[in-house]
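*Asks:* One structure, pasted below without further comment.
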Amino acid sequence: MSKFGKLLQRLQKKPKDFSYEELVKLLGGFGYSELKIGKTSGSRVAFMNENTRHIIRLHKPHPLKILKAYQIDLILEELKSKGYLS
């Protein structure tokens, strides 16, 4: 299984230690990139898929770089809504 596949499988298990850096890599595999302009400054971040123009917004975790359970649920729901997950 590829690194991307393992990372996706890990996210779907909803671990308590999924990092922001892992999220950036995972969303990058789906064609999303982090937007660094406009109202996404500070702790608010947005990821946009260049092909579909779909945007996922969330707060960047701090001081630790570990995502909260609600953020993982949000990411999974957004990916499901766009047909990336079943």
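The values are calculated or read from the model by the stated rules, or taken from the named source; none is laboratory data. All values derive from a computational prediction rather than experimental measurement. Every residue, glycine among them, receives a Cβ derived from its backbone with ideal geometry; neighbour counts consider all protein chains shown. Just so you know, the surface numbers come from the protein's heavy atoms only, side chains and all, with ligands and any DNA or RNA stripped out. Shrake-Rupley method; radii C 1.70, N 1.55, O 1.52, S 1.80 Å.
*Asks:* Charges on Cβ only, +1 for Lys and Arg, -1 for Asp and Glu, centred on the Cα centroid of the chain; of 8, 55, 67, which one is farthest towards the dipole's positive end?
*Replies:* Final value for the positive-end residue is 67.
*Asks:* On to the next question. Starting from the exponent 0.38 and prefactor 2.2 Å, build the expected Rg for the chain from its residue count and divide its actual Cα Rg by it.
*Replies:* Output field value: 1.03.
*Asks:* Now for a different question. Quick one: putting +1 on the C-beta of Lys and Arg, -1 on the C-beta of Asp and Glu, what dipole do you get for the chain around its Cα centre, in Debye to the nearest 20?
*Replies:* Roughly 100 debye for the chain.
*Asks:* Turning to a different aspect of this structure: For the stretch 45-86, what class follows from the C-alpha gyration tensor (a ≥ b ≥ c being the square roots of its eigenvalues): rounded when a/c is under 1.5, otherwise prolate if a/b is larger than b/c, else oblate?
*Replies:* In terms of gyration-tensor shape, oblate.
*Asks:* Under a 1.4 angstrom probe, counting protein chains only, how are 10, 57, 44 ranked by accessible area, largest first?
*Replies:* Details: 10 70, 57 155, 44 115 Å².
Solvent-accessible surface, decreasing: 57, 44, 10.
*Asks:* Please give, to one decimal in nm, the separation of the simple spin-label points placed at residue 36 and residue 52, each 7 Å out from Cα toward the Cβ.
*Replies:* My value for the distance between the label points is 2.5 nm.
*Asks:* What net charge is computed for the residues neighbouring residue 28, neighbours being all others with C-beta under 13 Å from the C-beta of residue 28, Lys and Arg scored +1, Asp and Glu -1?
*Replies:* -2
*Asks:* Which of the pairs 14/80; 16/82; 14/68; 16/60 have their Cα atoms more than 20 Å apart in this structure?
*Replies:* Violating the 20 Å limit, Cα to Cα: 16/82.
*Asks:* Okay, moving on. Can you list the residues, at least 5 places off or on another chain, whose amide H is less than 5 Å from the amide H of residue 85, using H built in the peptide plane?
*Replies:* Close amide H contacts, sequence-distant or interchain: 80.
*Asks:* Follow-up question, since we're still on this one. Testing the spin-label approximation: label points 7 Å from Cα along Cα→Cβ at residue 6 and residue 21. State their distance in nm.
*Replies:* In this crude label model, residue 6 to residue 21 measures out at 1.5 nm.
*Asks:* Counting only protein heavy atoms and using a 1.4 Å probe, what share of the accessible area of the chain belongs to carbon plus sulfur, as a whole percent?
*Replies:* Ligands and nucleic acids excluded, carbon and sulfur reach 54 percent.
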